[in-house]
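The values are calculated or read from the model by the stated rules, or taken from the named source; none is laboratory data. For clarity, every value in this text was computed on a predicted model and none was experimentally measured. No Cβ is skipped: glycine too gets one built from the backbone with ideal geometry, and neighbour counts run over all protein chains shown. Note: accessible area is taken over every heavy atom of the protein model, side chains too, but ligands, DNA and RNA are not part of it. Shrake-Rupley method; radii C 1.70, N 1.55, O 1.52, S 1.80 Å.
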Amino acid sequence: MFSVQVVQPGPESRYATPAYWLRDEAAGSAIAVLPDRGGIITEWQIQNKDYFYMDWDRYQDPKNSIRGGNPILFPICGNLPDNAYTLDGTTYPLNQHGFARNMVWAVTETGTDGAASLTLSLKSTPETLVSYPFEFEVAFTYVLKGNTLTIDQKYMNHSDRPMPFSAGFHPYFTVADKSQLRFDIPATESWGKTAITATPFSNTFDFGVDEIDLSFGNLSRSGATVSDLQSQKKLVLSCDSEFSTLVFWTIKGLDFYCLEPWSAPRNAMNTGKRLLTVAPGDVRSLSVSLAIEPM
């Protein structure tokens, strides 16, 4: 049995805005989605175990970006030098990871036929046009079935010129002991956040350092897996080939790691590297899925 339930803010809820809970009762799986806080998935549970990390104290201050769940990255991934890019001779301001994660999304559809699903929509506004001069609509459909969470995406260009963008996600996975993680990231080299040259990569990380922030391009296949020897569970990230960059980020002493699918590397709006484009009046469809499987 599948269900979609809206939980309103109140003394029994830790959410300050309506939370949409999608459930697969047979599998014991559920996700919580906050349309008013950037359309983010904040919780992903399977058999009463949380698979997304959430910093609830940080969440309580709406001035802060949410650290946890699965933030949406659009129309850029990562940061730009001086938080700006130049397009057709005009310079535009745009903060790290874009504006989608800070906006209110509209709920357009729910479903329980064969899966629990929720569709959200985000449209351009006068405010977004200041930093991103395109009339657009983005529609995401979250689909929960069993131990798998799928995010189907549509990027629509309502402008009269080609619309460049990059898109991605910033999932925070909870972990008790990072030393018990084993990685299968399909890359042989990594790039530090400010590195000029690549470093050989052999699917290991030094979790003794304060922060790890590495990106991986030239992937030999789409997606990746992370196995947790302690829980005997495996995270499987699957995505369309357009997600050509993976980013790994974690901070020492915090019980999370991020494995992020991006469609382009940092600063793509300036360099054009792997930047996606939608023709006027056209639609670009993408998909990402996360699954928890036994090892």
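Values for this structure:
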quantity: Residue, farthest from I41 (Cα to Cα), within segment 98-121, restricted to residues that are in contact with a helix residue (DSSP H, G or I) (Cβ under 6 Å, 6 or more places away or on another chain) and part of a strand (DSSP E or B); calculated: V107
quantity: Meets criteria (in contact with a Ser or Thr (Cβ under 7 Å, 6 or more places away or on another chain), assigned to a helix (DSSP H, G or I) and either closer than 21 Å to V288 by Cα or not small (G, A, S) (or both)) for D82; calculated: no
quantity: All strands (runs of 3 or more DSSP E) inside segment 142-205 with 1 or more residues being within 30 Å of T42 (Cβ to Cβ), open to solvent by 30 Å² or more (accessible area, probe 1.4 Å) and of a type in the set (S, T, N, Q); calculated: 148-157, 172-174
quantity: Single residue of Y92, Y85, Y132 found to be of a type in the set (F, W, Y), open to solvent by 30 Å² or more (accessible area, probe 1.4 Å) and more than 30 Å from G146 (Cβ to Cβ); calculated: Y92
quantity: Condition check for G272: out of contact with any strand residue (DSSP E or B) (no Cβ under 9 Å at 6 or more places or on another chain) and modelled with pLDDT of 95 or more; calculated: no
quantity: Any chance S231 is under 23 Å from the mean Cα position of the chain (by Cα) and among the hydroxyl-bearing types (S, T, Y); calculated: no
quantity: Selected residue (only one of N83, N95 is in contact with a helix residue (DSSP H, G or I) (Cβ under 9 Å, 6 or more places away or on another chain), within 29 Å of K193 (Cβ to Cβ) and without any contact (Cβ under 8 Å) to a residue 40 or more places away in the chain); calculated: N95
